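Below is one structure; the comments refer to it alone.
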Amino acid sequence: MKVIKVKNYEEMSNVAAEIFKDVVKNKPNAILGLATGTTPLGLYAELIKDHKENGTSYKNIKTVNLDEYAGLDIGSDQSYVYFMRHNLFEGLDIDLKNTNIENGKAEDKEKECERYNNLLGEMQQDIQLLGLGSNGHIAFNEPNTPFGSGVHVVKLTENTIKDNSRLFADINDVPRYAFTMGIKNIMNAKKIVVLASGKNKANAVKASVEGDVTEIVPASVLQLHPDCTFIVDEDAASLLK
Ligand code: F6R
């Protein structure tokens with residue numbers, strides 16, 4: 001595992017953007033594993049800027065997203081499909097047909113998990129982006145998720161509901177369930193980049209990077225990945241040795 005310490009959020013986003021641009025330029029039909037949340041917004045803005053200014057093309061790029069809330073309407077501006085379109089895809093020349101995410105409105109949730117799991121089996125991520133939950137979660141894999149898990153439905157913990165409620169008008173509007181890639185699907189990526197910024201991530205960064213590899217801290221599994229890089233700003237790195 002490699003750890004790159006940077007000054008702040010802006011630098012974290014820029015360093016990550018360089019890595020993603022390299023992948024896209026070197027492999028124009030690459031498969032990008034993407035994340036939502038506050039952390040990747042700066043990276044996504046950089047990729048859009050680069051596309052507009054330098055013409056980096058995403059025409060043949062394919063994407064798979066980590067997770068999606070269960071039950072939200074597809075048109076809901078809180079859904080992750082909306083987030084991705086609004087914050088990244090609409091700013092690029094990507095073909096929306098090449099973008100993939102779990103169908104949060106699927107009636108048969110088990111079948112949807114199976115569909116997405118099979119899809120991921122055929123679409124190994126050339127690079128997978130991750131944010132980090134303050135409890136060490138990756139995607140919606142909460143503490144004690146088995147490392148061998150595939151795509152599944154999770155009941156969100158109170159901690160995550162609270163963290164995510166800042167993006168909703170009312171905490172009661174936060175969905176209680178979500179679809180997520182499992183740890184196994186994430187670990188299958190050829191390369192993994194984890195971004196963390198801010199003091200509220202410091203404990204999770206320390207436990208993931210320097211702690212034991214344990215299912216209690218889902219991100220600690222990344223220590224076992226052959227090509228994983230954490231890019232952390234000063235605040236998020238503040239507890240590291
Ligand atoms: C998002 C995701 C989550 C977030 C994590 C951090 O697709 O899977 O695991 O990466 O909750 O969220 P932010 O970036 O909002 O702090």
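The values are calculated or read from the model by the stated rules, or taken from the named source; none is laboratory data. Everything quoted here is computed from the prediction, not taken from an experiment. Using ideal geometry, Cβ is built from the backbone for each residue, glycine included, and neighbour counts are taken over all protein chains shown. Just so you know, the surface numbers come from the protein's heavy atoms only, side chains and all, with ligands and any DNA or RNA stripped out. Shrake-Rupley method; radii C 1.70, N 1.55, O 1.52, S 1.80 Å.
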Practice item. For every other residue with a beta carbon closer than 12 angstrom to the beta carbon of Val217, add +1 if it is Lys or Arg and -1 if Asp or Glu, then tell me the sum. Key: -3
Exercise for review: Place a label point 7 angstrom from the Cα of Glu107 along the Cα-to-Cβ direction, then list the residues of segment 57-91 whose backbone nitrogen is under 20 Å away.
Suggested key: 70-75
Review point. If you place +1 on the Cβ of every Lys and Arg, -1 on the Cβ of every Asp and Glu, and leave all else neutral, what size is the dipole of segment 1-66 about its Cα centre, to the nearest 20 Debye?
Key: 220 debye
Practice item. State, as an integer percentage, the relative contact order of the chain based on alpha-carbon contacts under 8 Å between residues 6 or more apart. Key: 26 percent
Review point. So which of Lys7/Lys206; Lys27/Lys105; Lys5/Lys162; Lys97/Lys162; Lys155/Lys241 end up more than 24 Å apart by C-alpha?
Key: Lys27/Lys105; Lys5/Lys162; Lys97/Lys162; Lys155/Lys241
Study note, to complete from the structure: Toy charge model, Lys and Arg Cβ at +1, Asp and Glu Cβ at -1: the chain dipole around Cα centroid in debye, rounded to 20, equals 460 debye
Point to revise | Contour minus Cα-Cα distance for Met123 and Ser57 (0.36 nm per residue) | key: 21.8 nm
Revision key, fill the gap. Total charge of the residues flanking Met187 in space, meaning their Cβ is under 14 Å from its Cβ, with Lys and Arg +1 and Asp and Glu -1, is +1
Review point. So for segment 1-149, taking the charge dipole from beta-carbon charges (+1 Lys/Arg, -1 Asp/Glu), which of Leu96, Gly131, Asn26 sits furthest toward the positive end?
Key: Asn26
Revision key, fill the gap. Once both label points are put 7 Å beyond Cα along the C-beta direction, the Asn200-Asn26 separation in nm becomes 3.5 nm
Practice item. Please give the solvent-accessible surface of Leu92 in Å², to the nearest 10, using a probe radius of 1.4 Å with every protein chain present. Key: 20 Å²
Review point. So between Glu90 and Glu215, what do we pick up on full extension, going 0.36 nm a residue minus the alpha carbon distance?
Key: 41.3 nm
Exercise for review: Would you kindly state how much longer the chain becomes between Glu18 and Glu234 on full extension, computed as 0.36 nm times their sequence separation minus their alpha carbon distance, in nm to one decimal?
Suggested key: 75.8 nm
Point to revise | Whole-Å semi-axes of the ellipsoid equivalent to segment 101-241 (Cα gyration tensor, √5λ, descending) | key: 24, 20, 12
**Study point:** Sulfur and carbon atoms: percent of accessible area, segment 129-241 [1.4 Å]
**Key:** 51 percent
Check your understanding: Could you give the distance between the Cα centres of segment 16-70 and segment 200-221, to the whole Å?
Key -> 25 Å
Practice item. Quick one: what are the phi-derived ³J(HN,Hα) couplings along segment 125-130, Karplus 6.51/-1.76/1.60 with θ = phi - 60°, whole Hz, x for glycine and proline? Key: 5, 5, 8, 10, 8, 9
Revision key, fill the gap. Relative contact order in percent for segment 62-171 (Cα pairs under 8 Å, 6+ apart) equals 24 percent
Review point. Which cross-chain or sequence-distant (5 or more) residues have an amide H under 5 Å from the amide H of Thr214, H modelled 1.01 Å from N in plane?
Key: Ser220, Val221
Study note, to complete from the structure: Here, Lys2 and Glu158, labelled 7 Å along Cα→Cβ, have an inter-label distance in nm of 4.1 nm
Check your understanding: How big is the equivalent ellipsoid of the chain along its three axes, where each semi-axis is √(5λ) from the Cα gyration tensor, reported in whole Å from largest to smallest?
Key -> 23, 23, 18
Point to revise | Residues whose placed amide H lies under 5 Å from that of Leu34, excluding near-sequence neighbours | key: Val64, Asn65, Leu66, Leu129
Point to revise | For segment 12-92, with +1 on Lys and Arg beta carbons and -1 on Asp and Glu, the positive-most of His51, Pro40, Ser13 along the dipole | key: His51
**Study point:** For segment 165-180, 3J(HN,Hα) per residue [Karplus equation, 6.51 cos²θ - 1.76 cosθ + 1.60, θ = phi - 60°, Hz, x = Gly/Pro]
**Key:** 5, 5, 9, 10, 5, 9, 4, 6, 7, 5, x, 8, 10, 8, 8, 8
Revision key, fill the gap. Mean projected area, convex hull of alpha-carbon positions in segment 1-80, reported to one decimal in nm², is 6.8 nm²
Point to revise | Residue-averaged 222 nm ellipticity for the chain, from DSSP H runs of 4+ at -39500 (n - 2.57), nearest 500 | key: -9500 deg cm²/dmol
